[in-house]
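Have a look at the structure below, then the notes.
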Number of protein chains: 2
Amino acid sequence: MEACHGHGKEKESQDLPRVLLFKPPPDFHLFGDECFSSNKFKFLKAWESPLPLDQFLKTHAQSVEAILSSGGAPVTAETLRLMPAVRLVMTTSAGLNHIDIAECRRRGITVANTGNVFSEDVADLAVGLLIDLLRNISASDRFVKQWLRPRQAAEGDCYSLGIGSKLGGKRVGIVGLGSIGSLVAKRLDAFGCSISYNSRTKKPSVSYPFYSNVCELAANCDILIICCGLTAETHHMINKQVLSALGKEGVVINIGRGPIIDEQELVRCLVQGEIKGAGLDVFENEPDVPKELLALDNVVLSPHCAIFTWETFKDRQKLVVENLEAFFSNKPLLTKIVDND
Amino acid sequence: MEACHGHGKEKESQDLPRVLLFKPPPDFHLFGDECFSSNKFKFLKAWESPLPLDQFLKTHAQSVEAILSSGGAPVTAETLRLMPAVRLVMTTSAGLNHIDIAECRRRGITVANTGNVFSEDVADLAVGLLIDLLRNISASDRFVKQWLRPRQAAEGDCYSLGIGSKLGGKRVGIVGLGSIGSLVAKRLDAFGCSISYNSRTKKPSVSYPFYSNVCELAANCDILIICCGLTAETHHMINKQVLSALGKEGVVINIGRGPIIDEQELVRCLVQGEIKGAGLDVFENEPDVPKELLALDNVVLSPHCAIFTWETFKDRQKLVVENLEAFFSNKPLLTKIVDND
């Protein structure tokens, strides 16, 4: 029997279009280097070269047709200037704040993100952080596990944990009713929460009350969930005034991006009891987490891992490879932000 | 101006019907003794008497017309025998496993619980424990807060936490599709989970797949959520065979009662990796929590506090008082389990 040689003659590896990677994406740690592999393109791994980055980029300037950015390494105007052959910037994230979108547009470079592949996981974590916070789950778990006398833990000493708050009937304000925000709303609807939202414009197809002003939204909510992207307009949008409008009984959940909140002000409000609590997956100066938060029981922290599930890593790998293959086959991309076809 | 003296001449305190309390309910700690007060009945607080309990009961045998049981102190046939004037046993819990229902029925004693007043809180905690477990929220919070180098916590070291599992698409088996189980189903529906259930009988109005055998349910599920009451039939219903059918990737959530699960077997399965994880609010020998669980990261523990929210405590107080007042006014009770009118 003759061996099968594939569906046709593939290009030799050295002829394949080059996709630049600045840093290994988390997937490489978890699934090995082959997780994004394809016979339609070849990765150029900057971190494997002994050359300093600028020299490395100059060396490969003419051959790199696409960049796969996995966060951590920003794609600046300067980077793009060094690589005139780049026609696509694909990012493994949903967020685009590390890419100079305006410059991509100016240069006719297509930009693609991972679309909504993470949205469900991020929405799930938002709801998880909220229930955890309102019902003291992390604090309870820590309490039971650290308690030297478990005899008392299960008895009545959970009074010392503080009683929780009921989800049903809470007024939830969603900041940014995009893919993630809508999924958060759908989930919290099922818990009997009352939803309203703020976004750039009112969504005609949505019946939840709309507030054009985030401060007004905060004043009419018990819980504020930050689901928008980070842009010049949303930077420090959740400031002293908004937190003050939310008030002493208010709770903030952030699964968007750290700098959307004025973190220094948030920490002050949490420490001084000017708001009730926070569930945070993102921070203003990652990887730093404000030290003041580490001792607080009214704060639940996770290390920017809203998208970290096995299922979604796999879905993302499939999407990244399919998008790159589509691009190099002159087929329409599955997800696309800046279209320069 | 003349002071208002109420809506009519109330009975003198000493003439009011007596309601026996064995132990102070948690509400007394939180809201003070007056939280259940009424001008229609008077509490007899066993713990305030210097007499031993049996002597105290004998002393008041003829005057006690109702018992308000708040868990912890079982209402046995022996207790009831000592107090022939009792016509109502009201419990501040939804569960009835501490009351000898058969004996109440035999003696013509009405039994009332708090109905569904807790159901939403309990369902919320079930979902909270599940998301917490699948998405490592308590473990993340502990990790970030205990991490001596927060710089690394938010960066990439969450790989060491293990990646989570996505909720969407998971097959959830609900054991006991009563008030709580139905609310859990409604919530998890919104996360894209696929629901099936086991209960004594198939519910004609429910479209979720029904398994008459809990082992068969476990074999067809990724997640088993215990929402049933504790009875002779459900004691150790979740045994070695069921856990083995659930399998290595399976997760158990218990917000019902501890002894529904064979805890020794559950601990063994968790320690040996024969199931993947557990979220437990209840334990077989409360207030004890098995020591082996305290060191496990694949287990989220809370100290039997599924009903602990301010809102629900207030709702329960209202219900208890209204039920007792209705009883002594010969009006229909709001919630009732054994009806002997």
Taking each pair of different alpha-carbon atoms in the protein assembly as shown once, compute 1/r for the pair, average those values, and report the inverse of that mean as the Kirkwood hydrodynamic radius in Å to one decimal. 27.9 Å
Any aspartates and glutamates with Cα under 14 Å of the A:LYS58 Cα? List them, leaving off those in the same chain fewer than 8 positions away. A:GLU78
What are the label-to-label distances in nm, one decimal and shortest first, from B:ASN220 to the same spot in the other copies, with labels 7 Å along Cα to Cβ? 4.6
Hey, what do the phi angles of region A:33-44 turn into as Karplus ³J(HN,Hα) couplings, whole Hz, using 6.51/-1.76/1.60 and θ = phi - 60°, x for Gly and Pro? 5, 7, 5, 9, 5, 7, 9, 9, 7, 9, 7, 10
Average beta-carbon neighbours from other chains, 10 Å sphere, peptide B:306-315: 5
With +1 assigned to the C-beta of every Lys and Arg and -1 to the C-beta of every Asp and Glu, and no other charges, what is the dipole magnitude of region A:119-301 about the Cα centre in debye, to the nearest 20? 480 debye
For A:SER13, inter-copy label distances in nm, listed shortest first [label point 7 Å out on the Cα-Cβ vector]: 9.1
So the compactness index of region A:119-301, its C-alpha Rg divided by 2.2 N^0.38 Å, takes the value 1.03
Both in Å, the radius of gyration and Dmax of the C-alpha trace of region B:64-154 are 21.9, 68
Burial order of peptide ranges B:178-187, A:184-193 (average beta-carbon count within 10 Å, highest first): B:178-187, A:184-193
Shielding by partners - mean other protein chain Cβ count within 10 Å, residues of B:185-191: 5
Distance between modelled label sites at B:LYS186 and A:ALA326, nm, 7 Å Cα→Cβ extension: 3.9 nm
For B:278-286, what's the mean count of beta carbons from other chains sitting within 10 Å of each residue's beta carbon? 2
Relative contact order computed over chain A (Cα-Cα under 8 Å; 6+ residues apart), in percent: 16 percent
Report the net charge of residues surrounding B:THR231, where surrounding means a beta-carbon distance below 14 angstrom and charges are Lys +1, Arg +1, Asp -1, Glu -1. 0
Taking A:LYS186 as the anchor, which lysines have their alpha carbon closer than 23 Å to its alpha carbon, excluding any fewer than eight residues away along the same chain? A:LYS166, A:LYS170, A:LYS202, A:LYS203, B:LYS166, B:LYS170, B:LYS186
For chain B, the longest principal axis of the Cα atoms and the Cα long axis of helix B:179-189 enclose an angle in degrees, to the nearest 10, of 30 degrees
Report P(r) for chain A: all Cα-Cα distances, bin width 20 Å, range 0 to the bin holding the largest distance, values in whole percent. 27, 49, 21, 2
Below 8 Å between Cα atoms, with a sequence gap of 6+, how large is the relative contact order for region A:218-321 in percent? 24 percent
Using a 1.4 Å probe on the protein heavy atoms only, what accessible surface does B:THR234 show? Give it in Å² to the nearest 10. 20 Å²
May I ask you to give the percent of accessible area on region A:16-152 that is carbon plus sulfur, with a probe radius of 1.4 Å? 51 percent
homo-copy label distances at B:GLY247 (7 angstrom along Cα-Cβ), nm, one dp, ascending, are 5.1
For every other residue with a beta carbon closer than 11 angstrom to the beta carbon of B:VAL282, add +1 if it is Lys or Arg and -1 if Asp or Glu, then tell me the sum. -3
A:ASP262 neighbourhood, Cβ < 11 Å, K/R = +1, D/E = -1, net charge -1
May I have the count of lysine pairs in region A:258-338 with C-alpha atoms under 24 Å apart, counting pairs 8 or more residues apart or located on different chains? 5
Over chain B, with the other protein chains present, what is the accessible area per residue in square angstrom, probe 1.4 angstrom? 44 Å²
Helix B:119-134: angle to the longest alpha-carbon principal axis of chain B, degrees 0 to 90, nearest 10? 20 degrees
Using the alpha-carbon atoms, what tilt in degrees (0 to 90, nearest 10) does helix B:137-146 show relative to the longest principal axis of chain B? 80 degrees
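The values are calculated or read from the model by the stated rules, or taken from the named source; none is laboratory data. Model, not experiment: these values are computed from the prediction. Positions of Cβ are generated from backbone atoms using ideal geometry, with glycine treated the same way; all protein chains shown enter the neighbour counts. For accessibility, only protein heavy atoms count, side chains too; no ligands or nucleic acids. Shrake-Rupley method; radii C 1.70, N 1.55, O 1.52, S 1.80 Å.
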